[in-house]
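Working notes, structure below.
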Amino acid sequence: MLVSLNNLKNFTVKTELFSFICLSVHQVAIKVIDKKKARQDSYVLKNMKREPRIHQMIRHPNIVLLLETLETENCYYMAMELCSGGDLMDRICERKRLDEREVRRYTRQILSAVDHLHTHGIVHR
């Protein structure tokens, strides 16, 4: 059963320029890319299908897991594992300061994920 785009927007947790991310009842995050908006930017249009292809190649504990993709006439949907801890930048802004132990843990996770990407010939922009 497909859910209408308007219903998905009721569950939006993050909005980006050409897409938004929302929660589903199955505890996954769904990234919805509006094709009409994406057509306005040649880079986004050219690379719209690249992100899911890359996600399918990568398995790492610090990289979000892509579970399923779906394309309709108007949108491209990516169902991903739900990372409920929030965004690192939001956490930094909220707390103003992180202790050294926490910073080390985040740095190790980021470097491990980037190293994994580089090992597979992928550069994160």
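Annotations for the structure displayed:
- The set of residues in region 24-59 being closer than 14 Å to Cys75 by Cβ and either of a type in the set (A, V, I, L, M) or part of a loop (DSSP other than H, G, I, E, B) (or both) consists of Ile30, Val32, Ile33, Ala38, Arg39, Val44, Leu45, Met48, Lys49.
- For region 90-103, a residue qualifies if it is surrounded by 12 or more Cβ atoms within 10 Å (Cβ to Cβ) and assigned to a loop (DSSP other than H, G, I, E, B), and exactly one does: Leu98.
- Of the residues Tyr106, Tyr76, the single one that is aromatic (Phe, Trp, Tyr) and part of a strand (DSSP E or B) is Tyr76.
- Identity of the residue in region 44-70, of a type in the set (A, V, I, L, M) and under 17 Å from Asp34 (Cα atoms), that ends up surrounded by the fewest Cβ atoms within 10 Å (Cβ to Cβ): Leu70
- Residue within region 71-89 that is in contact with a Phe, Trp or Tyr (Cβ under 8 Å, 6 or more places away or on another chain), exposed (fewer than 13 other Cβ atoms within 10 Å of the Cβ), closer than 23 Å to Leu117 by Cα and at pLDDT 85 or above present: yes
- Output for region 72-125, where each listed residue is of a type in the set (S, T, N, Q), touching a Leu at 6+ places or on another chain (Cβ under 8 Å) and closer than 22 Å to Ile54 by Cβ: Thr72
- Filter result for the condition that a residue is modelled with pLDDT under 80 and buried (at least 16 other Cβ atoms within 10 Å of the Cβ), over Ser24, Ser4, Ser19: Ser19
The values are calculated or read from the model by the stated rules, or taken from the named source; none is laboratory data. Since the structure is predicted, the reported quantities are computational estimates derived from the model, not experimental observations. Cβ atoms come from the backbone with ideal geometry, glycine included; neighbour counts cover every protein chain shown.
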